[in-house]
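Down below is the structure, laid out as structure tokens.
Just so it is clear, none of the values below were taken in a lab; they were calculated from the coordinates. Everything numeric in this text was worked out from a predicted model, so none of it was measured. So basically every Cβ, Gly included, is an ideal-geometry build from the backbone, and we count neighbours across all protein chains shown.
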Amino acid sequence: MTAVRHETDDADIGDLHEVVDPVPGAGAPHLPRQMDLVQLLTPEGERLEHPDYPLDVSDEELRGCYRDMALVRRWDGEATALQRQGELGIWASLLGQEAAQLGAGRALRDGDTAFPTYREHGVAWARGVDPLHVMSLFRGVDNGGWDPVALGFNLYTVVIGAQTLHATGYAMGVQRDGAESAVLAFLGDGATSQGEVNEAMVFAASFSAPVVFFCQNNQYAISVPLERQSRVPLYRRAAGFGFPGVRVDGNDVLAVLAVTRAALQAAREGQGPTFIEAFTYRMGAHTTSDDPTRYRLAAEVEEWKLRDPIARLMAYLSRSGLADAAFFAGVEAEADALAARIRSGTIGMPDPRPTAMFDAVYAEQTPPLAAQRAEFEAYQASFEGGERS
Amino acid sequence: MSAEVLDAPATQELTIGRALNLGLRRAMEDDPKVVLMGEDIGRLGGVFRITDGLQKDFGEDRVVDTPLAEAGIVGTAVGLAMRGYRPVVEIQFDGFVFPACNQIVTQVAKMHARSRGLVPLPMVIRIPFGGGIGAVEHHSESPEAYFAHTPGLKVVAVSNPVDAYWGIQQAIAAPDPVIFLEPKRRYWEKGPVDTSATPGPLFTSRVVRAGDDVTVLAYGPMVTTALQAAEAASTEGRSLEVIDLRTISPLDLEPVHESVRRTGRCVVVHEAPVTLGPGAEIAARVTETCFHSLEAPVLRVGGYDVPYPPSKVEELLLPDLDRVLDAVDRAMGF
């Protein structure tokens, strides 16, 4: 393995507080200065070119991006409704972050591996995870029903930032295997304060591991705004670790796709890690247990509505003649069918077997746990009908 | 197998430290997926020299001098294990494992269960543990109860060169994560090791001295202490049966129960603080299982419930021959 030296971003960092300038009277984070932000599609749906990130994407892929985002948004809305109706214990909405997640998810290739947080439903979709396997986690049936190995999509990680170390270690394994694949580690703005995330970036840099850190800066760690996590724009942290940092408009699926593809390809080619800050906004609550009206103003949310990731791609596809009304109606019908499948599948999901909790504690069962399981089974069997429920 | 091991006679006089070194070497030869990770384990060979010479022979990709970050070491080892490697992590001293506890408890211990067995984590976390070396604070701790209390982990503590040599290889070959505790103050104690023998199973306890009057249980560095106590007791006509527990999770108490049913008396010895330490669990289980055979309550000899003291007085905290014999006297007095 050869460590590859990167030219670090030694640009002037005098403008420390650019992100935290409030909208007068609102406390809203402004979109960063254009020069710092990779954008290929404006909020109005106009295509831009960027010298470093030419977009190589077919018309079919463009329509695919729209379809994915629309379907995932519908899934997300259905999940929120199901939680309100008591069918899920909790739901962590991705509303507003569809472009960040589908852009990143679609940049992955076969053989690549992603390590999500607990909000990456869009990436799960892109990797081919059945939404019902995500729903089972939030219903309390299991910890995620998909096969992380087969899909190259790890189980969700709830402990903030812990998965960034797994991603880095996994990338060190990819490196030892001589494989031409890359690893994508997801994290949020709050996670950048975690020691483990910083350790992950140290390890990734020191070993030039083929890992890309994809940070969705949705402006809030539950209620705490970004300025409590960082005095500098997050993407500039990468310079301190010695690898490139890029800030991309996280509500622009084309820019996210282009930037993530480039970073993953650099990793595959042995150029080491990249940190991507996808500048976005959590339109909903942190989870269904949260009340964002206690810590942010409606005006801020209204401002971000104007940057909606799906509306801007729809505008572009329509205006450029890449999609017509029939296409959009088709996606809408597909979303209806998906929502119906998710609803009936979730409600019909059986509880796990009582003994399932004993099943896989160890690969090699231990005698004391086997004895405890037998005690539990005998206790259950002592109730009339053979099982207490 | 390396020339060094091949050329050596089957039975060698080895220190515990050297036995671990040879065991690691053999595990690396047997399985190319075994990767050692830790602070100073490469060029230096580790602060206790347990990995001495291994980087030179196996290269920097398999014996990795990591950045100085314990959570980073364990967390990246998790990722390597997910990729199909068998990482063996060295934590430099017991007191430095705590920054890695988030990874060990929330990730390492749970990954197999939460993935319904789809993501096994065969990894070993080696920790030199216990006191008695005159060290500054955080270098003499006995953290085994924290890990034994965590479902999903297996915890072993070796006491002698034979178990060190075979145990480390068996822990590496095991399909589950293993916390592997090494008795640092006894790294330099020697014994004969037959490297051509067939080892017994890892997660089992073993009677290391037969006796009739009192069953004394110990693991790691306290096994030698218990054996010394048994020797001293024998001069006074008392016959102690000493059992090396060898594994703290899962506990293998069948031999203990068999012994206590004969002796009716049981003393548990460890350096860890007694309150909610391994001895408390063992006392409860022995009482539940052998209640009608007991002539005395199960007694514990362990560290006091204080932060590990400065080294000039550490011997006052550490169980020694006299404290073990005192407990034996009390057990006999019931």
Checklist outcome for this item: Counting only DSSP beta bridges fully inside the protein assembly as shown, the antiparallel percentage to nearest 5 is 20
Item to check | Residue-count net charge about residue B:137 - beta-carbon cut-off 12 Å; Lys, Arg +1, Asp, Glu -1 | outcome: -3
Checklist entry - Can you list the lysines whose alpha carbon sits under 23 Å from that of residue B:184, skipping same-chain ones fewer than 8 residues off? => result B:154, B:312
Item to check | Shape call, the stretch B:95-137: gyration tensor on alpha carbons, a/c limit 1.5 | outcome: prolate
Checklist entry - How big is chain A by the Kirkwood estimate over distinct Cα pairs, in Å? => result 22.1
Checklist entry - Hey, fewest Cβ within 10 Å first, where do A:316, A:156 land in order? => result A:316, A:156
Checklist entry - Would you list B:147, A:328 from fewest to most Cβ contacts within 10 Å? => result A:328, B:147
Next on the checklist: Could you tell me how far the Cα centroid of the stretch B:148-174 sits from the Cα centroid of the stretch B:315-332, in Å?
Outcome noted: 27
Checklist entry - Can you give me the Cα centroid spacing of the stretch B:180-210 and the stretch A:148-204 in angstrom? => result 37
Item to check | Taking all pairs of distinct alpha-carbon atoms in the protein assembly as shown, Kirkwood radius in angstrom | outcome: 28.1
Checklist outcome for this item: For the stretch B:121-216, the Cα gyration tensor yields equivalent-ellipsoid semi-axes (√(5λ), largest first, whole Å) of 21, 20, 16
Checklist outcome for this item: Listed by chain and number, the residues whose amide H is under 5 Å from that of residue B:193, excluding neighbours fewer than 5 places away on the same chain and using placed H, are B:12, B:13, B:14
Checklist entry - When chain B is treated as a GNM, springs tying every alpha-carbon pair under 10 Å, which of B:279, B:200, B:264 comes out with the largest mean-square fluctuation? => result B:200
Checklist entry - In whole Å and largest first, what semi-axes does the C-alpha gyration tensor of chain B yield when each eigenvalue is scaled by 5 and square-rooted? => result 33, 21, 19
Checklist outcome for this item: A correct Karplus calculation of ³J(HN,Hα) over the stretch B:157-173, with 6.51 cos²θ - 1.76 cosθ + 1.60, θ = phi - 60°, whole Hz and x for Gly and Pro, returns 9, 8, 10, 8, x, 5, 5, 5, 5, 7, x, 5, 5, 5, 5, 5, 6
Next on the checklist: So if each residue of separation counts as 0.36 nm, and I subtract the Cα-Cα distance between residue A:369 and residue A:329, what length gain in nm does that give?
Outcome noted: 8.9 nm
Checklist entry - If you build the Cα gyration tensor of the stretch A:83-212 and take the root of 5 times each eigenvalue, what three semi-axes come out, in whole angstrom, biggest first? => result 26, 16, 13
Checklist entry - Using the Karplus equation 6.51 cos²θ - 1.76 cosθ + 1.60 (θ = phi - 60°), what ³J(HN,Hα) coupling, rounded to whole Hz, does each residue of the stretch A:193-210 give in order, writing x for Gly and Pro? => result 7, 6, x, 5, 5, 5, 5, 4, 6, 5, 5, 4, 5, 4, 9, 6, 6, x
Next on the checklist: Can you find, among A:118, A:297, A:77, the residue sitting farthest towards the positive end of the charge dipole of chain A, where Lys and Arg contribute +1 and Asp and Glu -1 at Cβ?
Outcome noted: A:297
Checklist entry - For the stretch A:142-247, what proportion of DSSP beta bridges, expressed in % and rounded to the nearest 5, is antiparallel? => result 25
Checklist entry - Using only Cα atoms, what is the ratio of the radius of gyration of the stretch B:206-333 to 2.2 N^0.38 Å? => result 0.98
Checklist entry - Given only helices, namely DSSP H runs of n ≥ 4 each adding -39500 (n - 2.57), what is the per-residue ellipticity at 222 nm of the protein assembly as shown, to the nearest 500 deg cm²/dmol? => result -11500 deg cm²/dmol
Checklist entry - Using the Karplus equation 6.51 cos²θ - 1.76 cosθ + 1.60 (θ = phi - 60°), what ³J(HN,Hα) coupling, rounded to whole Hz, does each residue of the stretch B:249-262 give in order, writing x for Gly and Pro? => result 8, x, 6, 10, 9, 4, x, 5, 4, 4, 5, 5, 4, 7
Checklist outcome for this item: Evaluated at 25 °C and 0.890 mPa s, the Stokes-Einstein D of the stretch A:159-215 based on the Kirkwood radius over Cα pairs, in µm²/s, stands at 222
Next on the checklist: Straight-line reach only, C-alpha to C-alpha below 15 angstrom: list the aspartates and glutamates that residue B:56 could link to, leaving out same-chain residues fewer than 8 apart.
Outcome noted: B:4, B:29, B:40, B:65
Item to check | Average partner coverage of A:155-167, which counts Cβ from other chains inside 10 Å | outcome: 5
Next on the checklist: For the stretch B:51-195, take the convex hull of the Cα atoms, compute a quarter of its surface area, and give me that in nm², please.
Outcome noted: 9.1
Item to check | Number of partner chain Cβ atoms within 10 Å, mean per residue of B:111-122 | outcome: 6
Checklist entry - Just A:209, A:299, A:185 to compare: in a GNM of chain A, with alpha carbon springs under 10 Å, which one fluctuates most? => result A:299
Checklist entry - How many angstrom separate the Cα center of the stretch A:313-338 from the Cα center of the stretch A:45-64? => result 17
Next on the checklist: List the residues, sorted by chain then number, that are 5 or more residues from residue B:35 or on another chain and whose placed amide H is less than 5 Å from its amide H.
Outcome noted: B:86, B:88
Checklist entry - Most mobile of A:172, A:349, A:283 per a Gaussian network model of chain A (Cα springs, under 10 Å)? => result A:349
